[in-house]
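Asks: This is the structure I want to talk about, given as structure tokens.
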Amino acid sequence: MRIRTAIAAAVLATMSLAANAVGSMADIRIVDRTTGRELPVHWHEGRAYVVGKPGNEYKIVARNRRGEDLLAVVSVDGVNVVSGQSASPDQGGYVLSPWSRMEIKGWRKSLGEIASFYFTSLGDSYAGRTGRPDNVGVVGVALFERAFRYEIPEEHEPQDGWGPKSKGADKQAQPGAQAQQKHGRAAPSAPLGTGHGRPEYSAARPTEVERATREPVETIAIYYDSYRNLVAQGVIRGSYGRRDPDPFPTPFVPDPPRYRW
């Protein structure tokens, strides 16, 4: 099997299963960092969607539900969040330790820095600014099991390093989808994308990973867009609902509220 370099980072304490998580082998969630709110998942025609608010920072939270390492190749808007390449499952990613939780808060710039994710216009998105606007509006995670070799070491010599490894602790201090338009709804505007935001400290270290299979054992996609666009696409129902005004609600004319100057 081919060995790829992955990054072990942002390993945090295990958390309970969240209702808004997507995935089987790992729970993937989107959290609005500006509000601290986990974004609710809206299911439509077999796809998972979340509403992004322009200008707000966000993070991808991944929790390994398995008792073994997983390699997570992560993309945003069709771009690998580690390398900046147009995303493909055979690229490098992050290692999720057994039962661990990881926060991916931005584009990795080095082993010590990221550029934060934030919801923004198509033109301001990192994908758009680098000439790759076609896949804005989706977060993808391709999961691979890790192949392990176990060898009996020579006497007085350490093992060759294969087997579960402890992952470097993260020291971060802080921090499009297309659907048929429904009759009677407003047309959607330009799709939301993800920007290349402020620099943040994020410790990581490289590690070698051998994949157990060539193809991902699970591929997870979470689509995102503005509230207006998702309503227009029929993904979610607008809060205004159907109006049913009464032409004769009262028999007389009441006084209006007093002005407050």
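Asks: Go through the range 97-103 residue by residue and turn each phi into a ³J(HN,Hα) via Karplus (6.51, -1.76, 1.60, θ = phi - 60°); whole Hz please, and just put x for glycine and proline.
Replies: Per-residue couplings from phi come out as 5, x, 6, 8, 10, 10, 10 Hz.
Asks: Roughly how many Å² of W43 are accessible to a 1.4 Å probe, to the nearest 10?
Replies: Probe radius 1.4 Å; accessible area of W43 about 150 Å².
Asks: Regarding the range 195-249, what whole-number volume in Å³ per residue does the convex hull of its Cα atoms give?
Replies: Here the figure is 227 Å³ per residue.
Asks: Which order do you get for E57, E215 if you rank them by accessible area with a 1.4 Å probe, largest at the top?
Replies: Heavy-atom accessible area, descending, gives E215, E57.
Asks: Spelling out what I want: for every residue of the range 129-145, take phi, set θ = phi - 60°, compute 6.51 cos²θ - 1.76 cosθ + 1.60 (Karplus), and round to whole Hz; glycine and proline get x.
Replies: 6, 9, x, 10, x, 5, 10, 5, x, 8, 10, x, 9, 9, 9, 10, 7
Asks: Could you list which residues have their amide H under 5 Å from that of A87, counting only those 5 or more apart in sequence or on another chain, with H placed in the peptide plane?
Replies: Long-range HN contacts for A87: V79, N80.
Asks: Taking H as built 1.01 Å from N, whose amide H comes closer than 5 Å to the amide H of Y118, not counting residues under 5 places away?
Replies: Y58, G195, G197
Asks: Please work out how much accessible surface K53 shows to a 1.4 Å probe, ignoring ligands, DNA and RNA, in Å² rounded to 10.
Replies: Near enough 120 Å² of accessible area.
Asks: Still on this structure, please answer the following. Heavy atoms only, 1.4 Å probe, whole protein assembly: order R258, R66, R228, R211 by accessible area, highest first.
Replies: These residues rank, largest area first, as R258, R228, R66, R211.
The values are calculated or read from the model by the stated rules, or taken from the named source; none is laboratory data. Computed from a predicted structure; not experimentally measured. Surface accessibility is based on the protein's heavy atoms, side chains included, excluding ligands, DNA and RNA. Shrake-Rupley method; radii C 1.70, N 1.55, O 1.52, S 1.80 Å.
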